[in-house]
């Protein structure tokens, strides 16, 4: 199903979790409205997303999607009544080729090349944000 049309009855969910689904903020209102419909009173929803306002990964993302504004995203979530907390995650790889492949999936080609050049070793800081709302 899509986030905007979950095949669930009203107030039937105790806990909902979404990962890497809402990091653009504005425009996600239909999916968030659907969460409000399906999460029961006393339930909670959690969203884990990329934090494009922090670190090299956030900078590369912002260069790949120049219309993205980390500040507007934070303001959006605040207006929707959600709480947030930064998460300092890391990606670790066994082979350099795997790290490079992930960067090539995540970013536009020129930005991926820059990210690869700026990333020594086999680890990469991956700033995320945990958002939550109690219903």
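Filter the range 106-120 for residues that are in contact with a helix residue (DSSP H, G or I) (Cβ under 8 Å, 6 or more places away or on another chain) and over 12 Å from residue 57 (Cα atoms) and give the result. Matches in the range 106-120: 108 only. With respect to residue 82, is the statement that it is buried (at least 16 other Cβ atoms within 10 Å of the Cβ), touching a helix residue (DSSP H, G or I) at 6+ places or on another chain (Cβ under 9 Å) and at negative phi true? Against the criterion (buried (at least 16 other Cβ atoms within 10 Å of the Cβ), touching a helix residue (DSSP H, G or I) at 6+ places or on another chain (Cβ under 9 Å) and at negative phi), residue 82 qualifies.
Each residue in the range 109-135 was checked for being in a strand (DSSP E or B) and without any contact (Cβ under 8 Å) to a residue 12 or more places away in the chain, and 0 pass.
Rundown of residues vs (1) under 29 Å from residue 122 (Cβ atoms); (2) at pLDDT 90 or above, yes/no style:
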site: 33; (1), (2): no, yes
site: 36; (1), (2): no, yes
site: 39; (1), (2): no, yes
site: 55; (1), (2): yes, yes
site: 60; (1), (2): yes, yes
site: 68; (1), (2): yes, no
site: 82; (1), (2): no, yes
site: 88; (1), (2): yes, yes
site: 94; (1), (2): yes, yes
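Checked against (1) under 20 Å from residue 131 (Cα atoms); (2) assigned to a helix (DSSP H, G or I); (3) out of contact with any strand residue (DSSP E or B) (no Cβ under 9 Å at 6 or more places or on another chain), residue 77 passes all but a single condition, namely (3). Name the single residue, out of those in the range 2-54 being on the phi > 0 side of the Ramachandran plot and either under 19 Å from the mean Cα position of the chain (by Cα) or not in a loop (DSSP other than H, G, I, E, B) (or both), that is surrounded by the most Cβ atoms within 10 Å (Cβ to Cβ). Within the range 2-54, the match that is surrounded by the most Cβ atoms within 10 Å (Cβ to Cβ) is 25.
Has the range 63-73 got at least one residue that is in contact with a strand residue (DSSP E or B) (Cβ under 9 Å, 6 or more places away or on another chain) and either in a loop (DSSP other than H, G, I, E, B) or within 20 Å of residue 130 (Cβ to Cβ) (or both)? Scanning the range 63-73 turns up at least one residue that is in contact with a strand residue (DSSP E or B) (Cβ under 9 Å, 6 or more places away or on another chain) and either in a loop (DSSP other than H, G, I, E, B) or within 20 Å of residue 130 (Cβ to Cβ) (or both). Over 14 Å from the mean Cα position of the chain (by Cα), surrounded by fewer than 18 Cβ atoms within 10 Å (Cβ to Cβ) and within 24 Å of residue 29 (Cβ to Cβ): is that true of residue 66 in this structure? When the stated conditions are applied, residue 66 passes them.
The values are calculated or read from the model by the stated rules, or taken from the named source; none is laboratory data. Bear in mind that the values here come from a model prediction, so they are computed numbers and not experimental data. Cβ coordinates were reconstructed from backbone atoms using ideal geometry, including for glycine residues, and neighbour counts include every protein chain displayed.
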